[in-house]
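Contents: one structure, followed by commentary.
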Amino acid sequence: MTQTFPADPIRAVTHPDPYPYYAALRKGPALVRDEGLKLWIAARADTVRTVLDDVRLTVRPAGEPVPHAIAGAPAGAIFARLARMNEGDAHRAARGALVKGLGGVSIDGVFQAARREATALIERAEPGHDAPLDALAFALPVSIVAELVGLPPDDALEATVRQFVACLSPRSPPEALDRAHNAASALQAKLHALTPAGASASPLLERIVSGGLQASGEPPNALVANLLGLFSQTFEATAGLIGNTIVTLARHAEFTARLRESPSDIHAFVREVARFEPAVHNTRRFAKEQVCIEGTTLQPGDAVLVVLAAASRDEAWFDTPERFVLDRPEHPLPGFGAGRHACPGEAIARAIVCGVAIALVQSGFDFANPNLRWTYQPSANGRIPVFNSIGSHAS
Ligand code: HEM
């Protein structure tokens with residue numbers, strides 16, 4: 001079937017095959033202007049890296065540190081304190097603590113926990129009925145992060161996190177924002193209860209606190225906000241990578257066979273999925289002053305769409321980038337960002353995805369089932385498959 005190019009790099013995110021379009025973007029100028037979107041587009045790996053490294057290009061527009069739609073309300077107060085949404089000292093302090101905290105997590109422990117939880121979920125599904133792909137993709141990563149942070153098991157947590165993340169999208173209607181504020185308050189209360197002075201709910205929390213994020217001041221203080229941020233950073237991105245791993249196995253039966261024979265290859269496999277079909281296709285930066293990038297001058301206030309998924313297939317960085325190659329030499333993955341805001345949860349995220357994927361493979365899940373179909377969740381930046389039909393596993 002011939003596909004037409006997506007109309008622009010935002011629609012590319014949920015297009016069935018955006019990669020030929022991304023290749024065309026890479027062949028154009030280093031920065032190209034999309035007048036319709038009012039964005040500069042960066043698609044080449046080197047340009048993406050240059051943009052992400054430049055401190056004059058910031059994560060929020062100078063005049064709007066918090067989106068107007070949520071400013072002055074509970075979700076806005078959280079947003080204002082997130083490492084992901086800050087620059088300068090506030091960013092450095094929060095990031096340093098998160099890197100210390102997340103860096104001490106046992107990656108094998110996360111992998112084993114994800115595999116155990118996934119196996120239990122799969123076994124609870126009735127033979128011949130839908131495998132619980134949604135629960136594996138969305139609920140399971142939230143539950144792993146909750147365990148790491150020290151929250152007790154809570155089946156309602158996924159729904160609350162789902163409501164909260166609506167505040168991060170400019171597309172959310174007012175009623176979704178109302179729910180996001182309620183969710184922000186509920187999550188904040190749970191996390192605040194974990195953080196009274198001196199208490200240590202988990203080794204992760206203890207490391208984050210000793211790394212400098214203190215629970216001082218009324219919630220949402222920087223500690224509570226950034227603990228909540230771990231859930232919002234995890235939620236859709238990890239669901240996307242789990243979904244894209246399932247899609248890749250559905251398209252390439254030979255890999256399912258190989259993983260059944262050699263389960264330890266799951267780590268290289270998921271790494272390559274994260275390059276070939278990344279979950280996060282783009283992010284944005286805003287010029288706070290005049291900046292010249294590879295011959296193009298950006299004016300203060302100009303916005304750049306940084307197309308991580310195009311960089312992931314740049315032959316300047318990867319040999320035969322349009323091929324899925326299991327034994328590829330390790331190289332930083334553009335889909336996890338780069339520079340001062342690079343994802344500090346990458347190893348944890350990949351371990352969760354590996355645990356879920358190997359549990360599915362070993363359960364006998366039929367990835368080749370022609371009834372296994374998916375669409376992509378509407379999103380301006382995340383490629384997140386939602387499976388809408390029966391996927392049976394061997395009984
Ligand atoms: C497959 C799953 C994930 C993907 C694809 C992903 C991707 C990313 C990307 C691209 C960024 C940088 C955004 C930018 O520079 O504009 C980022 C930042 C971040 N991620 Fe992840 N992420 C994932 C999972 C996680 C997990 C599981 C955690 C924590 C448990 C996490 C924590 C964070 C944090 C705290 C930041 C902000 C860092 C900063 O601004 O300094 N992420 N992630």
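The values are calculated or read from the model by the stated rules, or taken from the named source; none is laboratory data. Everything quoted here is computed from the prediction, not taken from an experiment. For neighbour counting, all protein chains shown are included, and Cβ atoms are generated from backbone atoms with ideal geometry for every residue, glycine included. For accessibility, only protein heavy atoms count, side chains too; no ligands or nucleic acids. Shrake-Rupley method; radii C 1.70, N 1.55, O 1.52, S 1.80 Å.
Remark: pairs (first residue in the range 130-153, closer than 17 Å to V165 by Cα; second residue within 14 Å of the ligand (Cβ to nearest atom) and among the small types (G, A, S); Cβ separation under 6 Å; 6+ apart in sequence or on different chains) = A137/A239; A137/G243; F138/A239. Taking first residues from the range 78-89 that are over 15 Å from F231 (Cα atoms) and among the hydroxyl-bearing types (S, T, Y) and partners that are within 12 Å of the ligand (Cβ to nearest atom) and in a helix (DSSP H, G or I), no Cβ contact under 7 Å between residues at least 6 apart in sequence or on separate chains turns up.
Name every residue in the range 72-88 that is away from the ligand (no atom under 13 Å from the Cβ) and either outside any helix (DSSP H, G or I) or acidic (D, E) (or both), in order of residue number. Across the range 72-88, the qualifying residues are G72, A73, A80. If you check F286, F255 for being open to solvent by 10 Å² or more (accessible area, probe 1.4 Å), within 16 Å of the ligand (Cβ to nearest atom) and over 16 Å from E346 (Cα atoms), only one passes: F286. Restricting attention to the range 331-352 and to residues that are more than 8 Å from the ligand (Cβ to nearest atom) and of a type in the set (G, A, S), the residue that is least open to solvent (accessible area, probe 1.4 Å) turns out to be A351.
For the range 56-91, a residue qualifies if it is in contact with a strand residue (DSSP E or B) (Cβ under 6 Å, 6 or more places away or on another chain) and open to solvent by less than 10 Å² (accessible area, probe 1.4 Å), and exactly one does: L57. Scanning the range 61-77 for residues that are under 20 Å from R179 (Cβ atoms) and in contact (Cβ under 8 Å) with a residue 60 or more places away in the chain turns up P67, A69, I70, A73, P74, A75, G76, A77. Is it the case that L121 is open to solvent by 20 Å² or more (accessible area, probe 1.4 Å) and aliphatic (A, V, I, L, M)? Considered against the rule, which asks whether it is open to solvent by 20 Å² or more (accessible area, probe 1.4 Å) and aliphatic (A, V, I, L, M), L121 comes out as yes. Of the residues that make up the range 223-246, is at least one among the aliphatic types (A, V, I, L, M), more than 12 Å from the ligand (Cβ to nearest atom) and open to solvent by 10 Å² or more (accessible area, probe 1.4 Å)? The answer is no, given that none of the residues of the range 223-246 is among the aliphatic types (A, V, I, L, M), more than 12 Å from the ligand (Cβ to nearest atom) and open to solvent by 10 Å² or more (accessible area, probe 1.4 Å). For the range 30-55, the candidate set comprises residues that are within 16 Å of the ligand (Cβ to nearest atom) and exposed (fewer than 15 other Cβ atoms within 10 Å of the Cβ); within that set, the residue that is farthest from L298 (Cα to Cα) is D53. All of R271, R275 fail the test of being surrounded by 20 or more Cβ atoms within 10 Å (Cβ to Cβ) and either in contact with a Cys (Cβ under 6 Å, 6 or more places away or on another chain) or of a type in the set (D, E, K, R) (or both), apart from R275.
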